[in-house]
Amino acid sequence: MNLSAPLRTGPRTLAALAAGRLAGAASRVSRRGGGTAVAGLVAQRIDPHLAQRLAAQLGRGCAVVTGTNGKTTTARMLAAIAAEAGVPALANPSGSNLMRGVASALLAATGALGRVRDGPDRLGIFEIDEATLPEAAGALRPRVIIFTNLFRDQLDRYGEVDTVARLWQRTVAELDANTTLVLNADDPAVASLAEAGRARVLTFGIDDVRVADESAPGGEHASDYRFCLACGEELAYAAAFFGHIGHWRCQSCGRARPEPDVRATCVELVGEGPTRLKIATPQGELAFALPLAGLYNVENALAAAAGALALGLPSSATEPALAAFRAAFGRQERFQLDGRSVMVLLGKNPTGMNQVLRTIAAAHAPESGGLHLLLFLNDGIADGRDISWIWDADYELIAGRTASAVISGTRAEELALRLKYAGFAIEPELVRDAQPALDAALARTPVGQMLYIVPTYTAMLEIRELLARRGQRPHFWEEA
């Protein structure tokens, strides 16, 4: 970590800010994007320490959210809690989570003279890519780091989960005692970070075992941490929620899930939502309906509530903020088109996809005649070139419930093969491009019913823009 870069705003920094603004404006004018990455990329080429200089002006410091799944939603939840508490937050809500995205967000809040507007009163809340955490920790010097979970994702880029775990451990070992780690007690890989350094620790987890999956870890194809990190023996589970998330214990060395500081004591899942929650915190109990479905969003809400506690935000702000929370773009985002409801659910790795498939399956009403699906599989850089993960996603969950399916994307043929082996009785329609695929899927969906769109990351950005134009909604970077 580089903690020694000068923080003075000089001619080089001002030149970087000007160039970054120009690049961002050019991106927007040319309709290539919202400038949420290129502005920071250009600015950092001129001043590599730009993010550090600007973040140092935030009087309330920074919080960082990282992990495989749930970063965008958790960071948005935390920003909503801060807003409810009257604390102005500066964030990168568009999902641009490399340092160029953080620099772009800081640049957008900075005046011509290099001062962050209302900097002394602001709190930084930044979603950070798993592999970017060491650089972000050095530049932002966060007060709080929230770790959501650790699963297989983009194997060609990250390698196996052990590689990311070691990277996180080295980062945590370098943090000082003034940093607070917010750790998922239900994830053995994340919980182990408590032992990696001197930072303070606050944990979160689900105590309500009624929502556990009756099959043990390994019942899902995607279970990435089945063995104890300390002694190598297979972990035992008293309750398993999804993947390797649950109430775990090593019967050999005794390492076990810690008792969470912030815990879900009552979870009521109802189809596609809302989810009724009771959360116990050191400051008292919260009870509300979260307007999102799925157990993974319960974990996100717990992470945000624990992050708010670590930042000293009042608990009175958490309940109303989460009760009124609005889904992030592409994450259970809803549209109304041509008399049909449309829901977009991002699925980008095996564990995340399994939770999406479970959410869709739970929402299926037999009297409706079956599910209507539009599925995308891309292999862009941001998706991961290796698409073998689809064989670890349990498409079997919806095979017998599907009335129509359209498949699209750069690797649509591989997805069609996976659905064949999953036992889909219907023949999916393969349409290469996003616009005609959307038209075909809407045509197959009866008026008044729901079309579920499940894209990988780059496909999500493309289909979301098509839906926004037809539904007269802003670009995702504007709405964020």
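The values are calculated or read from the model by the stated rules, or taken from the named source; none is laboratory data. All values derive from a computational prediction rather than experimental measurement. FYI the Cβ positions are ideal-geometry reconstructions off the backbone, even for glycines, and counts take in every protein chain you see. The accessibility values were calculated without ligands, DNA or RNA, using every heavy atom of the protein model including side chains. Shrake-Rupley method; radii C 1.70, N 1.55, O 1.52, S 1.80 Å.
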Somewhere in region 382-396, is a residue of a type in the set (Val, Ile, Thr) and either farther than 25 Å from Asn69 by Cα or not in a loop (DSSP other than H, G, I, E, B) (or both)?
yes
Which of the strands (runs of 3 or more DSSP E) contained wholly in region 231-300 include at least 2 residues that are of a type outside the set (Ser, Thr, Tyr) and surrounded by fewer than 15 Cβ atoms within 10 Å (Cβ to Cβ)?
284-290
Taking region 157-186 and keeping residues under 19 Å from Arg226 (Cα atoms), among the charged types (D, E, K, R) and either at pLDDT below 95 or assigned to a helix (DSSP H, G or I) (or both) leaves Glu160, Asp162, Arg166
Specify the residue that is surrounded by the fewest Cβ atoms within 10 Å (Cβ to Cβ); the eligible residues are those in region 162-213 that are among the small types (Gly, Ala, Ser) and over 19 Å from the mean Cα position of the chain (by Cα).
Ala177
Scanning region 324-339 for residues that are within 13 Å of Leu78 (Cα to Cα) and crowded, with 21+ Cβ neighbours inside 10 Å, which turns out modelled with the lowest pLDDT?
Ala328
With outside any strand (DSSP E or B), open to solvent by less than 10 Å² (accessible area, probe 1.4 Å) and either modelled with pLDDT of 95 or more or more than 19 Å from Gly352 (Cα to Cα) (or both) as the only criterion, which of Leu150, Leu113, Leu106, Leu90 stands out?
Leu106
Take region 350-370 and flag every residue that is touching a Ser or Thr at 6+ places or on another chain (Cβ under 7 Å) and crowded, with 23+ Cβ neighbours inside 10 Å.
none
Among the candidates Ala63, Ala23, residue that is in contact with a helix residue (DSSP H, G or I) (Cβ under 8 Å, 6 or more places away or on another chain) and either within 18 Å of Phe147 (Cβ to Cβ) or open to solvent by 50 Å² or more (accessible area, probe 1.4 Å) (or both)
Ala63
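Here is a yes/no grid of residues against (1) among the acidic types (Asp, Glu); (2) assigned to a loop (DSSP other than H, G, I, E, B):
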{"site": "Asp379", "(1), (2)": "yes, yes"}
{"site": "Leu417", "(1), (2)": "no, no"}
{"site": "Tyr421", "(1), (2)": "no, no"}
{"site": "Phe424", "(1), (2)": "no, yes"}
Extreme residue, surrounded by the most Cβ atoms within 10 Å (Cβ to Cβ), among residues of region 93-103 that are of a type in the set (A, V, I, L, M) and not in a loop (DSSP other than H, G, I, E, B):
Val102
Any chance Thr132 is of a type outside the set (D, E, K, R) and over 21 Å from the mean Cα position of the chain (by Cα)
no
